[in-house]
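Engineer: If you scroll down you'll find the structure; I have some questions about it.
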Amino acid sequence: MLFIILGSYFKARILAVLLILISIGLVYYNWHQLLQERQYSVKVATFGPVVGIGGFFLMIFPSMAGKPVTVKEKIIVLGVLVIGMVAGFVNWYLMDPGFFGR
């Protein structure tokens with residue numbers, strides 16, 4: 001059963017799980033720092049979710065691991081990056097709405 005889930009893309013899926021866990025850790029640490037010390041890292045707030053979105057993408061499409069070669073692959077990777085950045089900006093907005101004029 002485990003081989004069916006992981007298949008021939010074992011390394012890519014392990015990397016995906018590590019990326020997701022790193023992202024969860026970064027976002028948690030940043031929120032914890034905000035709530036306890038009233039300060040946070042803008043870079044971690046923005047790019048922490050990008051790592052997680054990339055991990056989920058790699059988990060779903062392990063064959064896309066590595067450098068994109070075709071134009072279609074490059075557009076897909078760029079789309080994943082944009083989705084990750086949107087998630088990062090939402091996270092940043094939730095952490096500090098005053099920065100955005102609210």
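The values are calculated or read from the model by the stated rules, or taken from the named source; none is laboratory data. These numbers were taken from a predicted model, which means no experiment stands behind them. So basically every Cβ, Gly included, is an ideal-geometry build from the backbone, and we count neighbours across all protein chains shown. These accessible areas exclude ligands, DNA and RNA; they are computed on the full protein's heavy atoms, side chains included. Shrake-Rupley method; radii C 1.70, N 1.55, O 1.52, S 1.80 Å.
Engineer: Just the accessible area per residue of the chain, please: how many Å² with a 1.4 Å probe?
Structural biologist: Here the per-residue accessible area is 71 Å².
Engineer: For helix 71-95, report the angle its Cα long axis makes with the longest principal axis of the Cα atoms of the chain; keep it between 0 and 90° and round to the nearest 10°.
Structural biologist: So the helix axis and the longest Cα principal axis differ by about 30 degrees.
Engineer: How much of the accessible area of the chain, in percent, comes from carbon and sulfur atoms when a 1.4 Å probe is used?
Structural biologist: 74 percent
Engineer: Hey, another quick one. In what order, largest first, do 41, 63, 23, 8 sit by accessible area if the probe radius is 1.4 Å? Don't skip to the answer; put the middle values down first.
Structural biologist: Values: 41 40, 63 75, 23 10, 8 100 Å².
I get 8, 63, 41, 23, largest accessible area first.
Engineer: Kindly express, to the nearest 10 degrees and within the range 0 to 90, the angle between helix 42-60's C-alpha long axis and the longest C-alpha principal axis of the chain.
Structural biologist: 20 degrees
Engineer: How would you classify the chain from its alpha-carbon gyration tensor, with a ≥ b ≥ c the square roots of the eigenvalues: rounded for a/c under 1.5, else prolate if a/b is greater than b/c, otherwise oblate?
Structural biologist: oblate
Engineer: What is the packing order of peptides 27-38, 80-91, taking the mean over residues of other C-beta atoms within 10 Å and listing the highest first? Show your work: numbers first, answer last.
Structural biologist: Numbers: 27-38: 13.3, 80-91: 16.5.
Put in order of decreasing packing, that is 80-91, 27-38.
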